[in-house]
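J.: Handing you a structure now.
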Amino acid sequence: MTINNNGMFARATPLLFGALFIIGLVAPFAVYPTFLMKILCFGLFACAFNLLLGFAGLLSFGHAAFLGTAGYACGMLVRDLGVTPEVGILGGTLAAAILGWVFGVLAIRRSGIYFAMITLALAQMVFFFALQWKATGGEDGLQGVPRGHLFGLIDLSNNIAMYYLVFAVFCAGFFIIHRTIHSPFGQILKAIRENEPRAVSLGYDVAKYKLLAFVLSAALAGMAGATKTLVFQLASLTDVHWHMSGEVVLMTLLGGLGTILGPLVGAGVIVSLQSELADKVGSWVTVIMGVIFVLCVLLFRRGIVGELQALIKRAGIN
Amino acid sequence: MEIFGVPSALFGSQLLIGLINGSFYAILSLGLAIIFGLLNIINFAHGAQYMMGAFVAWIALTKFGVNYWVALLLSPLLVGALGVLLERTMLRKLYKLDHLYGLLLTFGLALIFEGIFRDQYGISGQSYEVPELLQGGVNLGFMFMPIYRGWVVVAALAVCFGTWFMIEKTKLGAYLRAGTENPQIVQALGINVPLLITFTYGYGVALAAFAGVLAAPVYQVNPQMGSNLIIVVFAVVVIGGMGSIMGSILTGLGLGLIEGLTRVFYPPASAVVVFFIMVIVLLVRPAGLFGKAA
């Protein structure tokens, strides 16, 4: 799987990030905040997934398990134990990280196609647990999770306050991913992706690096899931279903695999499409998602951001 | 009569259901293994193609009055032909890329098929009547066996072993095995490898559709029947490894039986027991029971 990296972008990125940050700050006054929060949650989820597929070359088809488990954990902590929201998010993230470690230890024993099938099967196991265990509410999910007061002070039932918390969580997650990719650790991940035998021969403990990347990606996906539970005051089976695992792959692929902003763009497009189409076309949403998938794989493998970068690069050369 | 404190009739019927499920696992994992061997693609649409096999039989019966026996032949042919078309127009373009793109493409196709059928027929199941010849049952002494269920196991095993025979003992099978080992050399020897690949994909898909027709009278025909099954079949494939045809068949049947037994002794675990076995196999023998070490 390819990645787009170019010196020119490295110089332009601080400007771009700064502009996006300001847009993020003023956006809730122009656009419906709940919609924005949904995009940011899924954006972080997709960025976390992209860290694994785009930079370490590992296709997990079970990332919904981390999103969902963290959502349930956060929901139980906040609703049933009455902890504050930030503790709920941390607790959910931790739960996802532990689950990610378990998945990772098992899945990295195989590679490629098998890796994808194993993560999918393990996630399905989590789905059945969520379905059958009383504490998760089965088919009904975990309903009526209160947003509570951040640090016991700020009332999050106010949508604008909630938005800034989600925005802060997203920025923190995004910063961690950005730093990881550009750290020596991230470089080794890329080396493993490009040529695993060579990385082994250079003396790197490949399994350890893969596992660490997996846990990190799972934890960040969990952070997105826990935050999402607070936003919608609900954790449900949809979040652990394999459809969700497929959706995050689609968001990443559509936005641009291995690009830093692609997953966010992809999440934005898919979430907008779904909310636009949901009441107009009913079950055709699944068909449309499938068609986008097929088109992305056949014609559009660089994704939106990847294509844009290629376009700018070509313009720069001419 | 009791076995381990469980009434023998219950024991027997759960074991039979296990064996039937196992037969479906066997056919589907066999198809996946054949396709993977030559195309290096994991066919995520396999479950959707199984579902379509069942739907084609159901539509043929209710709309056109085509009976079960014709459908058993017609449905795999039609769905297999669709498979050939998909291979020629789409999958073919991906062989030079990372294998994961094949998984992603077929995942998208599975979503499309499932969505179309859900839009047309809703999520509630349609029932398909057991053909007249196979209605009723026989009393085996320790249990009552519906004849149709016995037929499913026999037919599934016949197809599995027929496929095994074709691959291991015939000339076409020899080409196929050679193509799996080294397509370039086989091509250089004058064998039309692209055609072989198309045929293989079509055959794997037809197997899935055949399983779908067999399943139609046992389960309800509904758009989601394939997607839930295919994830279990993936676990079966991880447990067995895709290196051996006979391995796929035996693993499928064995896991079906274990699942049936679990349903007798501890029903809540029956949905996850295959995944649990997968975890143990990964810890003890990561390459799979019949797999070659990676």
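Taken together, the values in this text are just the output of simple stated rules run on the coordinates, not laboratory data. Remember, predicted model here, so these are calculated numbers, not experimental data. Because the Cβ atoms are built from the backbone with ideal geometry, glycine has one as well, and the counts that use them run over all protein chains shown.
J.: In square nanometres, what is the average projected area of the Cα convex hull of the stretch A:210-259?
T.: Taking a quarter of the hull surface, the average projection is 4.2 nm².
J.: Right, next: In square nanometres, what is one fourth of the surface area of the convex hull spanned by the alpha carbons of chain A?
T.: Value for chain A: 17.0 nm².
J.: Please work out whether the stretch A:102-212 counts as rounded, prolate or oblate from its C-alpha gyration tensor, where a ≥ b ≥ c are the square roots of the eigenvalues and a/c under 1.5 means rounded, while otherwise a/b larger than b/c means prolate and anything else oblate?
T.: It comes out oblate by the Cα gyration axes.
J.: Averaged across B:90-100, how many Cβ atoms of other chains sit within 10 Å of each residue's Cβ atom?
T.: Mean number of neighbouring Cβ atoms from other chains: 3.
J.: Ranking A:SER283, B:SER124 by Cβ neighbours within 10 Å, fewest first, what do you get?
T.: In increasing order of surrounding Cβ atoms, one gets B:SER124, A:SER283.
J.: For chain B, what does the helix formula give at 222 nm: sum of -39500 (n - 2.57) over DSSP H segments with n ≥ 4, over the residue count, nearest 500 deg cm²/dmol?
T.: My calculation for chain B gives -24000 deg cm²/dmol from helical runs alone.
J.: Could I ask something else about it? At A:ALA172 and A:ASP279, where each label point lies 7 Å from the Cα along Cα→Cβ, what is the point-to-point distance in nanometres?
T.: Modelled inter-label distance: 3.5 nm.
J.: No solvent, one uniform scatterer per C-alpha: report log10 I(q)/I(0) for the protein assembly as shown via the Debye equation at q = 0.09 1/Å, two decimals.
T.: Cα-only, vacuum Debye calculation for the protein assembly as shown: -0.74.
J.: Over the whole of B:36-47, what's the average partner chain Cβ count within 10 Å per residue? Rounded to a whole number, please.
T.: 1
J.: Next question, about the same structure. Take the Cα atoms of the stretch B:147-229, build their convex hull, and give its volume per residue in Å³.
T.: Dividing the Cα hull volume of the stretch B:147-229 by its residue count gives 103 Å³.
J.: For a quick check: with amide H placed at 1.01 Å from N, whose amide H comes under 5 Å from B:GLN126's, ignoring anything fewer than 5 positions away on the same chain?
T.: Here B:VAL221, B:ASN222 satisfy the definition.
J.: Provide the net charge surrounding A:ALA213, with neighbours chosen by a C-beta distance below 15 Å and charges set as Lys +1, Arg +1, Asp -1, Glu -1.
T.: So the surrounding residues net to +2.
J.: Moving on. Can you give the Rg to Rh ratio for chain B, taking only C-alpha atoms and Rh from Kirkwood?
T.: For chain B, the value is 0.98.
J.: Taking beta carbons within 10 Å but only from partner chains, what does the mean come to for residues A:291-301?
T.: 5
J.: Here's a follow-up. If contacts are Cα pairs under 8 angstrom and at least 6 residues apart, what is the relative contact order of chain A in percent?
T.: Relative contact order for chain A comes out at 32 percent.
J.: Which peptide among A:48-57, A:109-118, B:257-266 comes first, and what is the full order, when sorted by highest mean count of other Cβ atoms within 10 Å?
T.: Highest-to-lowest ranking by the protection proxy: A:48-57, A:109-118, B:257-266.
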